[in-house]
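One structure is given here, and the rest of the page talks about it.
The values are calculated or read from the model by the stated rules, or taken from the named source; none is laboratory data. All values reported here derive from a predicted model rather than from experimental measurement. Glycine gets a Cβ as well: all are built from the backbone with ideal geometry, and neighbour counts include every protein chain shown. These area figures cover heavy atoms from the full protein model, side chains too; ligands, DNA and RNA do not enter into them. Shrake-Rupley method; radii C 1.70, N 1.55, O 1.52, S 1.80 Å.
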Amino acid sequence: MANFADFQIGLYFAGLGGQLPPYPLTFAGLEAAAQEKMEHRLWDYVAGGAGDGHTQQSNIDAFHRWGVLPRMLSGAAERDLSVELFGHRYPAPVFMAPIGVLGVMTDDEHGDLAAAAASASSGIPMVASTLMQDPMEDVGAALGDTPGFFQLYTPHDREVAESFVHRAEAAGFQGIVVTLDTWTLGFRPRDLQHATFPQLRGYCLANYFSDPVFRSRLQATPEEDPGAAAIAWALMFGNPTLTWNDLAWLRGLTDLPLLLKGICHPDDVRRAKDAGVDGIYCSNHGGRQAASAPALDLLPAVVDAADDMPVLFDSGVRSGADVVKALALGATAVGIGRPYGYGAVLGGQAGIEFVLSCLLAEADLTMGLNGYASITELTREVLVRVT
Ligand code: FMN
């Protein structure tokens, strides 16, 4: 059983030797340090959201409306945070959410490989985005013994979608996460103000540029004419015509566990279940796509409808206490988004590991100090409304 809380003891001991923590400990600190380091357009792309940013802020506020009920003398000196997911036992119910510009967020512009290495060293799984700076084969190889997931943005061209899924299988990914909420781009004033976003400039398109089917659609190779290849990507990226009728096709592409990301309504959960999906990923994309209710408020109804299907969750998780609250509201595993992205900006693999360690130490201590020894004890009854 991993003892995540010990991470803080290590920080105190290092302090006795005069060594301070290498990165900020709070989300606000990470955000400020990352902003200082990042090129301003990339910063706006990562930190910004749809519209006036209201949804992404309410994702965060939603966590603050819950408190954890403390129980004393319950024997929670040792905690078990491990979770079984699609046949594998992970040390903690936390994963790295897909971030489609992660590749260019690190100094060496290999952020996807940094996250994969952090996944290998920590056992915390990574959901690798379609939009990577390194091809999925290289990222899959860097995951080591930690099973990872491939996130699919379903291209307009079905044969490219099929190629991606089959490549992901061959690259060793253990599940396919289809993101449904991005069939077109949300209205993002901060990106529009710069009149650009990274992929249009050819960044993070390695999965496309290395794909034989995508390449066969081009007049000139991406090496010969990267601008034209990026435009071809933009025209193929989203599929506005995708409906529930297409799920049978997606389901038929793979025997791997299939998850749908962006599901926030119980009726959609039921439809997904009927279509033979294996898991639900409740998320509002961190407020970057549609303006919506905070994903956390929608989670319990999604969990109820999912019944025995695992429910992954993200959007607004900023601390270990948030992880505990999402678990108590029924999430099987909780996705970390921007926080680990900022860790990548500040320190690559080491920065990501640091952020994950902080979140897990805090989650572990939040459980222990409130008297809960196992994540199975985290039910809705352990939460109280505070506002
Ligand atoms: N979600 C995807 O499914 N695929 C992506 O490629 C993707 N790229 C993202 C890029 C950035 C810069 C950010 C911040 C999020 C991205 N997301 C993507 C959404 C995340 O997977 C996740 O839903 C979101 O970050 C959660 O919100 P939070 O970071 O505010 O907690």
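Here are a few things to note about the model shown:
- Residues located in region 118-150, provided they are without any contact (Cβ under 8 Å) to a residue 60 or more places away in the chain and aliphatic (A, V, I, L, M): Ala120, Met126, Ala128, Val139, Ala141, Ala142, Leu143
- Region 17-28: number of residues that are open to solvent by less than 50 Å² (accessible area, probe 1.4 Å) and among the hydrophobic types (A, V, I, L, M, F, W, C): 1
- Hey, Pro98 surrounded by fewer than 21 Cβ atoms within 10 Å (Cβ to Cβ) and either away from the ligand (no atom under 13 Å from the Cβ) or within 21 Å of Gly49 (Cβ to Cβ) (or both) or not: no
- Residue tally, condition touching a Ser or Thr at 6+ places or on another chain (Cβ under 8 Å) and open to solvent by 70 Å² or more (accessible area, probe 1.4 Å), over region 223-248: 1
- Index of the failed condition, Pro155 passing every other in (1) buried (at least 22 other Cβ atoms within 10 Å of the Cβ); (2) outside any loop (DSSP other than H, G, I, E, B): (2)
- Residues located in region 29-69, provided they are under 30 Å from Gly371 (Cα atoms), of a type in the set (Val, Ile, Thr) and either open to solvent by less than 20 Å² (accessible area, probe 1.4 Å) or assigned to a helix (DSSP H, G or I) (or both): Ile60
- Among the residues of region 1-16, those identified as over 13 Å from Phe354 (Cβ atoms) and either open to solvent by 70 Å² or more (accessible area, probe 1.4 Å) or not in a loop (DSSP other than H, G, I, E, B) (or both) are Met1, Asn3, Asp6, Ile9, Tyr12, Phe13, Gly15, Leu16.
- Count of region 132-147 residues, restricted to those that are open to solvent by 10 Å² or more (accessible area, probe 1.4 Å) and within 15 Å of the chain's Cα centre (by Cα), is 1.
- Within region 277-288, being among the aliphatic types (A, V, I, L, M) and buried (at least 24 other Cβ atoms within 10 Å of the Cβ) holds for one residue alone: Ile280.
- Within region 202-239, the set of residues being outside any helix (DSSP H, G or I) and small (Gly, Ala, Ser) comprises Gly202, Ser210, Ala220, Gly238.
- Among (1) within 13 Å of the ligand (Cβ to nearest atom); (2) touching a strand residue (DSSP E or B) at 6+ places or on another chain (Cβ under 7 Å), the one test that Val165 misses: (1)
- Cross-chain or 6+ apart pairs with Cβ under 8 Å, region 2-20 first and within 20 Å of Ala77 (Cα to Cα), then open to solvent by 70 Å² or more (accessible area, probe 1.4 Å) and not β-branched (Val, Ile, Thr): Asn3/Glu78
- Only one entry in Leu20, Leu25 is assigned to a loop (DSSP other than H, G, I, E, B), away from the ligand (no atom under 16 Å from the Cβ) and under 17 Å from Arg338 (Cβ atoms), namely Leu25.
- Residue match in region 104-120 (condition: within 13 Å of the ligand (Cβ to nearest atom), in a loop (DSSP other than H, G, I, E, B) and touching a Cys at 6+ places or on another chain (Cβ under 8 Å)): no
- Matching residues, region 121-138, being in a helix (DSSP H, G or I) and closer than 21 Å to Met236 by Cβ: Met136, Glu137
- In region 164-201, the residues that are closer than 24 Å to Leu143 by Cβ, assigned to a helix (DSSP H, G or I) and open to solvent by less than 20 Å² (accessible area, probe 1.4 Å): Phe164, Val165, Ala168, Pro198, Gln199
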